[in-house]
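Heads up: the structure comes next, in structure tokens.
The values are calculated or read from the model by the stated rules, or taken from the named source; none is laboratory data. This structure is a prediction, so every number in the text was calculated from the model and none was measured. When we count neighbours, we look across all protein chains shown, and the Cβ atoms used for this are built from the backbone with ideal geometry, even at glycine. Remember, those area values only see protein heavy atoms, side chains included, never the ligands or the DNA or RNA. Shrake-Rupley method; radii C 1.70, N 1.55, O 1.52, S 1.80 Å.
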Amino acid sequence: MTVLLTGFAPFDGAATNPSWQAASLAAARRTDTVAVELPCEFDASLPALRAAILAHRPELVVCAGLAGGREHVTPERVAINLIDARIPDNAGAQPVDQPVVPGGPSAYFTTLPVKAAVAAMQSAGVPAAVSYTAGTYVCNQVFYGLMHLIATEFPGLRGGFVHVPEEARMPLDSTARALEIVVDTALTMHEDVPTSAGTLH
């Protein structure tokens, strides 16, 4: 079993990005997982993700990104076909009201068991909640792009997106552990549990 974890390069003037730091730390602890850093650039992120999938041929992909201001690890349930950038990306691009994939579906749902993963994280003492909005920046673009790749090119692949807090709100070790729990839950469960897990709207 091969798992691909991704995180993003630092952006908006930051020196580090906890999504990449946690993804690389989680992957270093496992023998079934590789980690790849994605550029925080609209034009480059999805080609880099597709190249990583082709290079490693994973059976599971979990992409991580930073959600400033959130205090929980939040697996995302739905990606929307919209880019509406509040700030420029690392290449200076700031698209507004653009589709991720022209002509693509309005939205995709994750294929990760997000409610089960949240319950497992909570049981391990990690603050976690299901999120129903991945925003409209590069995180949502990558989430939507991943699900579109699964729908159109890699039908046997499963995947989804997880937002993580800033390091000041959660230690990197805990964030990395949370990503490992998401991976372990997805490897053991193909269907989610119909529970009212904590949610972040």
field: Hits in region 182-201 (condition: within 12 Å of K115 (Cα to Cα) and modelled with pLDDT of 95 or more)
entry: V182, T185, A186
message: Going by what's in this entry, would E153 be described as over 16 Å from L49 (Cα atoms) and acidic (D, E)?
response: no
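Residue by residue, here is whether (1) touching a strand residue (DSSP E or B) at 6+ places or on another chain (Cβ under 8 Å); (2) within 27 Å of D192 (Cβ to Cβ) holds:
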{"position": "L5", "(1), (2)": "yes, yes"}
{"position": "G13", "(1), (2)": "no, no"}
{"position": "Q21", "(1), (2)": "yes, no"}
{"position": "A26", "(1), (2)": "yes, yes"}
{"position": "R30", "(1), (2)": "yes, yes"}
{"position": "S45", "(1), (2)": "yes, yes"}
{"position": "G65", "(1), (2)": "yes, yes"}
{"position": "T74", "(1), (2)": "yes, yes"}
{"position": "Q94", "(1), (2)": "no, no"}
message: Tell me yes or no: at least one residue of region 36-50 is more than 14 Å from the chain's Cα centre (by Cα) and closer than 23 Å to T188 by Cα.
response: no
message: Can you say whether Y144 is more than 20 Å from A48 (Cα to Cα) and among the hydroxyl-bearing types (S, T, Y), as far as the supplied structure shows?
response: no
message: Can you report the number of residues in region 13-32 which are out of contact with any Gly (no Cβ under 9 Å at 6 or more places or on another chain) and surrounded by fewer than 23 Cβ atoms within 10 Å (Cβ to Cβ)?
response: 10
message: For A168, only one of the following conditions fails: (1) closer than 18 Å to P10 by Cβ; (2) open to solvent by 10 Å² or more (accessible area, probe 1.4 Å); (3) modelled with pLDDT of 95 or more; (4) not polar (S, T, N, Q). What is its number?
response: (3)
- request: Taking only region 171-180 into account, find how many residues are open to solvent by 10 Å² or more (accessible area, probe 1.4 Å) and either touching a residue at least 24 places away in the same chain (Cβ under 8 Å) or of a type in the set (F, W, Y) (or both).
  value: 5
message: Among the residues of region 62-91, what is the count of those that are among the small types (G, A, S), in contact with a helix residue (DSSP H, G or I) (Cβ under 9 Å, 6 or more places away or on another chain) and over 14 Å from A178 (Cα atoms)?
response: 4
field: Search result, residues across region 104-161 that are in contact with a Lys or Arg (Cβ under 9 Å, 6 or more places away or on another chain) and charged (D, E, K, R)
entry: K115, E153
